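The values are calculated or read from the model by the stated rules, or taken from the named source; none is laboratory data. What you see is a predicted model; the values in this text were computed from it and never measured. Cβ placement follows ideal geometry from the backbone for every residue including glycine, while neighbour counts extend to all protein chains displayed. Calculation scope for accessible area: heavy atoms of the full protein, side chains included, ligands and nucleic acids excluded. Shrake-Rupley method; radii C 1.70, N 1.55, O 1.52, S 1.80 Å.
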Amino acid sequence: MEPIRFDTKIAILLRDDLPGWQRLNVTAFLASALAAPERIGEPYLDADDTPYLPMFRQPVLVFAGSKEVLTAAHARALGRGLPLAVFTSDLFNTGNDRDNRAAVRAVHRDALDLVGIGVHGPRNKIDKILKGARLHD
């Protein structure tokens, strides 16, 4: 059976100075923003027919980079017209969706203190957007 190759890439870029709990939290939130129906596979079943929720159809690649790499990737994604999810440092101080939205809304695009972005698109565009980032270890 041939492996499935995807023309697109799901990528999350995290600022490399985040503590572990923040990296996990930001990754989870950004992945949820990228979970469009066309990117979700079929539900899972085990050998006992126990049902499990479906997941992404393709891998989610997690990258890390400096604040400068993150800022540049944000600008490149916007410049290429790709839909983008953002997580700012202000969101660590809020506790609900309404306050999260207000925190982002209060800051101009070029002044966002980004700690993570999530993006999906053609592989070649994503690779260019993530220039300078490395796979998260």
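The alpha-carbon of LYS125 sits under 14 angstrom from the alpha-carbons of these aspartates and glutamates, leaving out residues fewer than 8 places away in its chain: ASP7.
Rolling a 1.4 Å probe over the heavy atoms of the protein chains gives the chain an accessible area of 64 Å² per residue. Estimated from the Cβ-Cβ distance and a Förster radius of 30 angstrom, the FRET efficiency linking ASP113 and ALA35 is about 0.75.
Working from the Cα coordinates of the chain, the gyration tensor eigenvalues give, after taking √(5λ), semi-axes of 27, 19, 14 Å in decreasing order.
Averaging Cα coordinates gives a centre for the range 1-39 and one for the range 66-120; these two points are 15 Å apart.
The stretch between TYR44 and LYS131 holds 27.8 nm of extra length on full extension. This uses 0.36 nm per residue minus the Cα-Cα distance.
If both residues of a DSSP beta bridge must be in the range 2-137, then about 75% of such bridges are antiparallel. Placing dummy labels 7 Å off each Cα toward the beta-carbon, the span from ALA102 to LEU24 is 2.9 nm.
Give me the percent of the accessible area of the chain that comes from carbon and sulfur atoms, probe 1.4 Å, all protein chains in place. Intermediate values should be presented prior to the final figure.
Values: 4770 of 8800 Å².
Ligands and nucleic acids excluded, carbon and sulfur give 54 percent.
Placing R0 at 35 angstrom, the Cβ-Cβ distance between ALA75 and TYR52 gives a FRET efficiency of 0.35 after rounding to 0.05.
Taking a Cβ cut-off of under 10 Å around HIS136, the surrounding Lys, Arg, Asp and Glu residues balance to a net charge of 0, with basic ones at +1 and acidic ones at -1.
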